[in-house]
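The values are calculated or read from the model by the stated rules, or taken from the named source; none is laboratory data. Just so we're clear, the structure is a prediction, and the values are computed from it rather than from any experiment. Quick reminder, even Gly has a Cβ in these numbers, built from the backbone with ideal geometry, and neighbours come from all protein chains shown.
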Amino acid sequence: MKKVIFYSTILVLLLTTTALKLEEVQCVAADLKNELMPVLKPEYKYDSSKITRVLYKKEAFQSGIEVPLFMGEKYRFVFNTAGLPKDIEINIFDKKPSNKMKNALFTLSNVREAGKNVYTFEPEKSKKMYVVYTIPATEEEGLKGCVVFLLGYKL
Amino acid sequence: MKKKKFFILLSSSFLWFACESNNENATVEAVEEITEEVDEVLEEESMSYLLPSPLQIAEIFKNSGLTYIGDLTSPTELAATYNTKYSQKLNFGIYSADMAYCIINDQTQSAIEYLSTLRGLSEKMWMTDVFNTMGLSKRLEANVGQHDSLTTIMADLQIQLDDYLEENGMGYTGPVIFAGAWIETMYLGAKVNQANSNEKLIYRLTEQSVVLENLLKALEQINEDNDFDELIADLKVVNKNFDVLEEGEEAKLGDEQVEKLSIQIIKLRNKIINN
């Protein structure tokens, strides 16, 4: 009986720590997206969204989103990084990422706060913009997560 | 001895977990340095293309003079004739845009008819959950005449559709549905402009070149099996009209160019709805 209790305790312990570990990297996109809805309302209306699944690699890499905006309208960009096991950088540029004349209008590392996962950006001028995610290198195998981006508009 | 083993295992498990958390903190500090090291020339395949909601485009057109003309929208009876997945997706987009057009013009009864048609099409496409969970008809009926509430309901439908496509791994369907919606919204804009020419509306029609650019790229990304060759070719013909535009925020098509664009959009839209 003592043996059963001993091994059961070990099993529960290992399962718990594994579950905690898995929870860290789990990405329930719909939940993460729902967390962002109140950040838009009541001023901004939902326009569109993009869930970017991230599979970390041994080398750092980038992934981008082209965002068309219409002149004279107001927009709010909202990001949720809670589904990421390791922090990434987020930049928003006014020109194509390959353009040397581009300006960074938003840089996550400039506004990052410990324990905070939701960040917003409201461009002063509406024109096509480029969201660029920079994913750092990792030696950990199969490390993955997601970042959720929501766009709201106000006419 | 057993107790000792137990405590060693217990300590190891928590230490392992604690170490993982500390590694994360270290990553926070390192990520800025790494960003500078990465080659910032993004490959095309690493880019994705956001497509705006048909509601936003319709609202912008409306604010620029898009009036309501009753018989412009696609007849709901045609829905029964769409028997391929391709025609169903495209016309789902067409009817979504028509519903948005009705909602922004407070034509609630017509909007409800389009909702019913969309529900029928979604069943054919095995997308029943998009409409079943929301009680949309009831919400529309309960908010007749309340413009803001009606547009909020339409925005909720967009959220629901985006979630459904994402959760069911149907991301490739989104650009095709959007193509139908975009073509229909442009069609409505072109027809209203033909009936009553309006500088603001022409400017907004011209501005859609940035959306078409994104739409073409998004369609090309999902065209691995060449299923969308014809649609892409047709949209490229439309896109040629924007080649005359010079770089600049105030760029606007001339009267002849708008007429040429309108004729091509009307032809493409009629081709899609007549299957």
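From the list B:172, B:187, pick out the single residue that is in contact (Cβ under 8 Å) with a residue 24 or more places away in the chain, under 15 Å from residue B:90 (Cα atoms) and surrounded by 22 or more Cβ atoms within 10 Å (Cβ to Cβ).
When all the criteria are applied, what remains is B:187.
Only one of these is among the hydrophobic types (A, V, I, L, M, F, W, C) and more than 14 Å from chain A (Cβ to nearest Cβ): B:170, B:154, B:127. Name it.
When all the criteria are applied, what remains is B:127.
Residue by residue through segment B:209-235, note down the ones that are in contact with a Pro (Cβ under 7 Å, 6 or more places away or on another chain) and either more than 13 Å from chain A (Cβ to nearest Cβ) or polar (S, T, N, Q) (or both).
Result: B:214, B:219, B:222.
Out of (1) within 19 Å of residue B:48 (Cα to Cα); (2) in a helix (DSSP H, G or I); (3) not acidic (Asp, Glu), the odd one out for residue B:223 is which?
Looking at each condition in turn, residue B:223 falls short on (2).
Answer yes if at least one residue in segment A:92-105 is farther than 23 Å from residue B:45 by Cα and either more than 9 Å from chain B (Cβ to nearest Cβ) or part of a loop (DSSP other than H, G, I, E, B) (or both), and no otherwise.
Scanning segment A:92-105 turns up at least one residue that is farther than 23 Å from residue B:45 by Cα and either more than 9 Å from chain B (Cβ to nearest Cβ) or part of a loop (DSSP other than H, G, I, E, B) (or both).
Inspect segment A:96-105 for any residue being in contact with a Phe, Trp or Tyr (Cβ under 7 Å, 6 or more places away or on another chain), surrounded by 18 or more Cβ atoms within 10 Å (Cβ to Cβ) and either at pLDDT 95 or above or of a type in the set (Ser, Thr, Tyr) (or both) and give the result as yes or no.
No, segment A:96-105 contains no residue that is in contact with a Phe, Trp or Tyr (Cβ under 7 Å, 6 or more places away or on another chain), surrounded by 18 or more Cβ atoms within 10 Å (Cβ to Cβ) and either at pLDDT 95 or above or of a type in the set (Ser, Thr, Tyr) (or both).
Within segment B:51-144, which helices (runs of 4 or more DSSP H) (wholly inside it) include 2 or more residues that are under 16 Å from residue B:173 (Cβ atoms) and among the small types (Gly, Ala, Ser)?
Where helices (runs of 4 or more DSSP H) fall fully within segment B:51-144 and carry at least 2 residues being under 16 Å from residue B:173 (Cβ atoms) and among the small types (Gly, Ala, Ser), they are B:85-104.
Here is a list of conditions, (1) part of a strand (DSSP E or B); (2) at the interface with chain B (Cβ under 7 Å from one of its Cβ atoms); (3) surrounded by fewer than 21 Cβ atoms within 10 Å (Cβ to Cβ), and residue A:76 meets all of them except one; can you say which number that is?
(2)
Sort through B:94, B:57 and tell me the only one that's within 14 Å of another protein chain (Cβ to nearest Cβ), of a type in the set (A, V, I, L, M, F, W, C) and within 22 Å of residue B:231 (Cα to Cα).
On the way: B:94 fails: within 14 Å of another protein chain (Cβ to nearest Cβ).
Being within 14 Å of another protein chain (Cβ to nearest Cβ), of a type in the set (A, V, I, L, M, F, W, C) and within 22 Å of residue B:231 (Cα to Cα) holds for just one of B:94, B:57, which is B:57.
Can you pull out the residues in segment A:114-155 that are more than 11 Å from residue A:78 (Cα to Cα), more than 9 Å from chain B (Cβ to nearest Cβ) and among the aliphatic types (A, V, I, L, M)?
Within segment A:114-155, A:129, A:143 meet the criteria.
Being in a loop (DSSP other than H, G, I, E, B) and farther than 21 Å from residue A:101 by Cα is the filter here; which residues of segment A:123-149 pass it? Outline the logic, then answer.
Let us first name the residues in segment A:123-149 that are in a loop (DSSP other than H, G, I, E, B), namely A:123-128, A:136-143.
A:136, A:137, A:138, A:139, A:140, A:141, A:142, A:143 - these are the residues of segment A:123-149 that are in a loop (DSSP other than H, G, I, E, B) and farther than 21 Å from residue A:101 by Cα.
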